[in-house]
Amino acid sequence: MLLIKVILIMLIVSEVMPQTRRGNKANSRNSLQGRELPQPGIEGQSISAPGISSVNVSLLEQNLVPTKSSILASWTEQKIPDDMRLYLLKNTQVTCNDGTTAGYYIRETKGSKRWIIFLEGGWCCYSKETCDVRYKNTKRLMSSSNWPKSRRGIGILSSRQDENPQWWNLNAVFVPYCSSDVWSGNISRSRNDYAFMGSVIIQEVIRELVPKGIKQAKSVILAGSSAGGTGVLINLDRVASLVEEMTADTVQVRGLVDSGWFLESKHGKSDCMDGASCALTDAIKKGLKLWNGALPERCRQQYKKEDEWQCFYGPKSYTSMKTPIFVVQWLYDVEQLRIENIQTDFQFMTANQWNNIQGVGRELKKSLREVPAVFAPACFSHTLITTSNWLNFQVKGVTLSRALHCWMKSLQDRKGPKTVLRGCPFHLIDNCQWPHCNPTCPALHDPITGQEVTLLQLFLRLSIENQRRGQEPKGDMTQLLAMMRNGGKLGQ
């Protein structure tokens with residue numbers, strides 16, 4: 001084992017570092033896109049990685065320290081005009097947490113009968129204390145008072161054909177998250193210090209889209225990222241029923257869940273006041289009572305009243321759903337790791353924590369086996385579909401845009417939900433065993449220098465540190481060597 005480590009270290013100096021430098025030049029554009037500062041109302045893709053202590057900015061509402069590249073990316077985006085216009089709901093009784101009227105952004109495309117309605121994410125609050133902290137620190141997630149009048153769609157919401165080749169000309173609707181209830185609440189402010197009306201907001205937005213043309217829709221996709229993705233799971237069947245009541249019989253209602261397929265935590269914290277670090281199950285249990293949560297009826301019937309909180313977890317809710325969904329899920333989602341209370345800073349990680357990370361990946365992979373439509377890269381990250389570089393990522397050589405196209409085509413052809421058209425797959429799960437082994441994974445960066453590093457370099461730091469403790473991370477060393485020969489990443 002010692003000889004192998006010596007060889008690895010020598011090869012890193014001679015092979016991996018030059019390849020990393022070459023990769024930095026080749027991927028400079030992509031790295032820049034992946035480090036964008038989040039815009040108001042956008043839940044950005046996580047810029048953190050193993051070795052970086054911060055995690056998804058919008059979800060935990062931490063402030064970024066601007067870097068040269070992130071400032072440049074932000075400046076570049078400001079040069080492109082926003083193309084979605086804000087509308088506050090006509091029904092002023094449907095509100096955000098603080099009583100201000102909820103609303104939505106829309107970009108209408110004349111002649112198009114396809115619609116996508118996107119639910120923003122951003123964690124939740126589940127008590128007066130956690131909601132007070134949230135309101136003080138991130139008011140935009142609880143109030144519409146400072147929302148901009150317009151915004152530009154990114155990723156799957158973009159109107160640029162080069163950024164969004166399959167969906168650029170849809171009618172696009174972005175619903176800002178201001179209810180703090182994982183889109184499940186059904187209670188007004190009159191009975192509480194805060195209103196929690198997430199499920200009501202979704203229903204009201206759809207009703208207001210009728211005069212804008214959704215009544216003639218052929219397809220409607222309810223999409224969401226993170227807490228918004230979980231909101232899709234909770235609301236999709238109700239939305240399908242409402243849309244089908246208002247539209248032609250030929251309408252197809254579908255769901256797109258991005259990074260909202262959470263597993264029940266095995267190692268989460270049980271007692272905490274910080275809404276961002278509490279175990280998800282504890283937060284949901286407390287929140288359901290505060291929010292007067294409206295859960296899917298078919299899922300509720302599967303559980304006793306005290307166990308209805310399980311409907312917030314993808315594997316539990318999916319079994320009772322009638323409407324087809326497509327699940328986009330990083331196998332090493334940094335928010336799932338945070339919920340599991342797993343340290344993702346390689347400088348301080350133990351071998352046991354590394355092994356737990358691999359365990360989370362295996363459990364996520366197992367939970368997705370029976371879902372017909374899946375895109376699951378073996379990467380550290382969080383959220384995907386509303387990032388400008390979403391086309392860069394592949395599973396088994398297929399992009400998410402291609403997989404979504406194949407999925408929609410299979411449904412339009414009215415074939416079975418598991419039918420795969422020749423050369424057009426949409427059940428795509430990475431089968432390599434190492435975290436971040438997918439060659440298209442987002443770049444990892446050293447927390448001290450900010451330079452791009454490979455997983456192999458980070459793993460060796462972990463291995464050397466744990467050797468001092470008499471511990472060893474688990475894994476096949478032959479695969480690690482293969483990663484090194486491939487510039488620090490393992491081919492699929």
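Key figures
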{"item": "Projected label distance in nm at Gln412 and Asn431, using a 7 Å step from Cα toward the beta-carbon", "result": "3.0"}
{"item": "C-alpha center-to-center spacing [the range 431-455, the range 110-186] in angstrom", "result": "29"}
{"item": "Pairwise FRET efficiency - Glu129 versus Met246, Cβ, R0 = 60 Å, nearest 0.05", "result": "0.90"}
{"item": "Cα gyration tensor category, rounded, prolate or oblate, for the range 318-387 with a/c compared to 1.5", "result": "prolate"}
{"item": "Linear extension gain, Lys285 paired with Glu297, 0.36 nm per residue minus alpha-carbon span", "result": "2.6 nm"}
{"item": "Alpha-carbon Rg/Rh ratio, for the range 143-298, with Rh computed the Kirkwood way", "result": "0.99"}
{"item": "Cβ-based charge dipole, the range 351-454, positive-most Cα from Leu391, Phe375, Gln353", "result": "Phe375"}
{"item": "Residue-level accessible surface for Thr92, protein heavy atoms, 1.4 Å, Å²", "result": "80"}
{"item": "Residue (of Gln161, Ser180, Ala102) at the positive-pole extreme of the range 92-211, dipole from beta-carbon charges", "result": "Gln161"}
{"item": "Among Val253, Leu295, Ser226 the positive-end extreme of the charge dipole of the range 160-318 (Cβ point charges)", "result": "Leu295"}
{"item": "Of Lys90/Lys113; Lys149/Lys218; Lys128/Lys289; Lys90/Lys149; Lys286/Lys365; Lys285/Lys322, those spanning more than 19 Å from alpha-carbon to alpha-carbon", "result": "Lys90/Lys113; Lys149/Lys218; Lys286/Lys365; Lys285/Lys322"}
{"item": "Full-stretch length increase - Asn169, Ser150 - with 0.36 nm per residue and alpha-carbon distance subtracted", "result": "5.0 nm"}
{"item": "Long-range tail of P(r) for the range 120-191 (Cα pairs > 16 Å, %)", "result": "59"}
{"item": "Test item: Cα-centred dipole of the range 71-211, Lys/Arg +1 and Asp/Glu -1 on Cβ, debye", "result": "280"}
{"item": "Model label zone, Ser320; criterion: amide N under 18 Å from point 7 Å along Cα-to-beta-carbon; scope the range 232-257", "result": "232-242"}
{"item": "Cβ-derived FRET efficiency at R0 22 Å, Thr440 paired with Lys218, nearest 0.05", "result": "0.10"}
{"item": "Percent of Cα pairs exceeding the 19 Å cut-off, where the set is the range 187-241", "result": "38"}
{"item": "Peptides ranked, highest mean first, by Cβ atoms within 10 Å: ranges 169-182, 201-214", "result": "169-182, 201-214"}
{"item": "Global form of the range 73-180, assessed from the alpha-carbon gyration tensor, a/c cut-off 1.5", "result": "prolate"}
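The values are calculated or read from the model by the stated rules, or taken from the named source; none is laboratory data. Here the structure is a predicted model, which means the values were calculated and not measured. When we count neighbours, we look across all protein chains shown, and the Cβ atoms used for this are built from the backbone with ideal geometry, even at glycine. What goes into the accessible areas is simple: the full protein's heavy atoms, side chains included, and nothing from ligands, DNA or RNA. Shrake-Rupley method; radii C 1.70, N 1.55, O 1.52, S 1.80 Å.
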